[in-house]
Amino acid sequence: MLTELLKKVNFEDPEIETVDAIEVNNQFNWEVLEKPVFRPDGKIIPGYKTIERSDNGLILNMCKDSYTPTTNEDFCNFVDRLSQTTGYQIDSFSEYQNGAKVLAFLKAPETKINGWDFDNYFVVGNSHDSSKAFFVANTSKMIRCQNQFSLASNGLKAFHTSNNSKQLQYIERSISVLSAQQKMLNSNFERLNNSPTSEKRAENFVRHILELPAELSWSEMAEKLSSRKINQIIDLTECIEIEGNDLGETDFALFNGVTRWTTHNRKQKDKTFGNLFGANAVFNQRALDFVLN
């Protein structure tokens, strides 16, 4: 009903360029270098430095001297040790935004949840532009539809400070948290599959995901919201309907409606496997928070 109502208004979403990740062969062929910052007269600006790529000199970050980068060498060594500790095979290394962000994926055992097969990964991530701490997370992909979702643990992060190396050691000692987190997520998905939803709850879910004004009725939205927002509502609602038809009218289907939308429908620059960064990650987390609370 909602989809048909909104489709009466003919809007088209503007094109948004999508930039694919650059795949590298299990290691990076460049390193980060720390360089001083100079004034136009050639004098060094104290207290600041740049983080640059060693291969092409591209500046990835201008930061304070206290910023301590996690080098690509340390990143790759960490991934190697994690693979040896867990027995999980390294799947790939990737760089994004010209190397400002780097990721590595390790293939974890497959699981079956609610009768559906899931591919699972441990993902290790780092940024050189101060946007993200070094982190480790779980990434799952529903094989049936390729929907992707990632969940980071607040305790498995290393910030770019002087004790960065000690933080990395702590993550290595605490890596069992990821396995426990994956088991908890699987358990929650099973609970959601046994939680029936309703048309009213689905409408509130869409309002929550897209942060729609509570005071507007659905008929008023077609007149008062932007064309971009209307198209988001239509696309998301259709994804939820598809998942509901396949999985049943449950909270599990609501959640998968969002992961379908962020994985297959919604365009985003520098889109990553697992939807780890940007608005897609925010929408997925917002969906999980709603159905679990």
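Entry note, the range 24-64: relative contact order of 34 percent, from Cα contacts under 8 Å with a spacing of 6+ residues.
Only one item in (1) 93, 44, 33; (2) 59, 45, 31; (3) 64, 49, 30 matches Cα extents along the principal axes in Å derived from the coordinates shown, and that item is (3). Using the rule -39500 (n - 2.57) for each DSSP H run of four or more residues, divided by the residues of the chain, the 222 nm mean residue ellipticity is -12500 deg cm²/dmol.
Modelled label positions at Ser217 and Glu34, each set 7 Å beyond Cα in the direction of Cβ, lie 6.2 nm from each other. With R₀ fixed at 45 Å, the C-beta to C-beta distance from Ala180 to Asn98 puts the FRET efficiency at about 0.80. Ordering 255-267, 42-54 by mean Cβ neighbour count within 10 Å, with the highest value first, yields 255-267, 42-54. Measuring nothing but how far apart in sequence close Cα pairs (under 8 Å, 6+ apart) lie, relative to its length, the chain scores a relative contact order of 19 percent.
Membrane-span-like helices of the chain, defined as complete DSSP H segments with a Cα extent of 20 Å or more along the helix axis and a mean Kyte hydropathy of at least 0.5, are identified as 278-292. With a threshold of 23 Å on the Cα-Cα distance, the over-threshold entries among Lys112/Lys132; Lys132/Lys183; Lys141/Lys166; Lys101/Lys157; Lys107/Lys267 are Lys112/Lys132; Lys132/Lys183; Lys141/Lys166; Lys107/Lys267. The relative contact order of the range 202-293, computed from alpha carbon pairs under 8 Å that lie at least 6 residues apart in sequence, is 29 percent.
Here, each number is a calculation from the coordinates, and none is a lab measurement. All values derive from a computational prediction rather than experimental measurement. All Cβ positions, glycine included, derive from the backbone under ideal geometry; neighbour counts span all protein chains shown.
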